[in-house]
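Participant: My questions will all concern the structure given below.
None of the figures in this text is laboratory data; all of them are computed from the coordinates on show. These figures come from a predicted structure and were not determined experimentally. Here the Cβ is made from the backbone with ideal geometry for all residues, glycine too, and neighbour counts use every protein chain on show.
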Amino acid sequence: MGMTWIMLAMFIPIIFMMFRRQKKETEARSKLKKGDTIVTNAGIVGELMEVGDKFAKVKVAQGVTLTVLTNVIGPLQEDPVAATKAVPATAGDKK
């Protein structure tokens, strides 16, 4: 019986943290609007064109629009152009 209480004491905080994270992600997703730069769980970066309850349309290039599930998108934390400029060149990159 004592082991059961120890197991519960270990899992309850983990479950609480999972629900908290899910709530934050849902709130962040609800604040997204047309024209926002987003990133999918797969790492695809694009501009949000439409967002519905289950699906969203993301423009990834001129004339290329993807339809993705809304639960796989999130706001982009930093500018992707600035992030690529910040990466220093390595010796193997020079030709």
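Participant: Whole-Hz ³J(HN,Hα) for each residue in the range 41-52, computed from phi via Karplus 6.51 cos²θ - 1.76 cosθ + 1.60 with θ = phi - 60°, x for glycine and proline: what do you get?
Facilitator: 4, 7, x, 7, 9, x, 9, 6, 9, 9, 9, x
Participant: While we're here: Based on the Cβ-Cβ distance of LYS23 and VAL60, what FRET efficiency does E = 1/(1 + (r/R0)^6) give at R0 = 25 Å, to the nearest 0.05?
Facilitator: E between LYS23 and VAL60, to the nearest 0.05, is 0.30.
Participant: Using a cut-off of under 12 Å, list every residue of the range 12-32 whose amide N is near the label point 7 Å from the Cα of LEU76 along the Cα-to-beta-carbon line.
Facilitator: The answer is none, because no backbone nitrogen lies closer than 12 Å to the label point.
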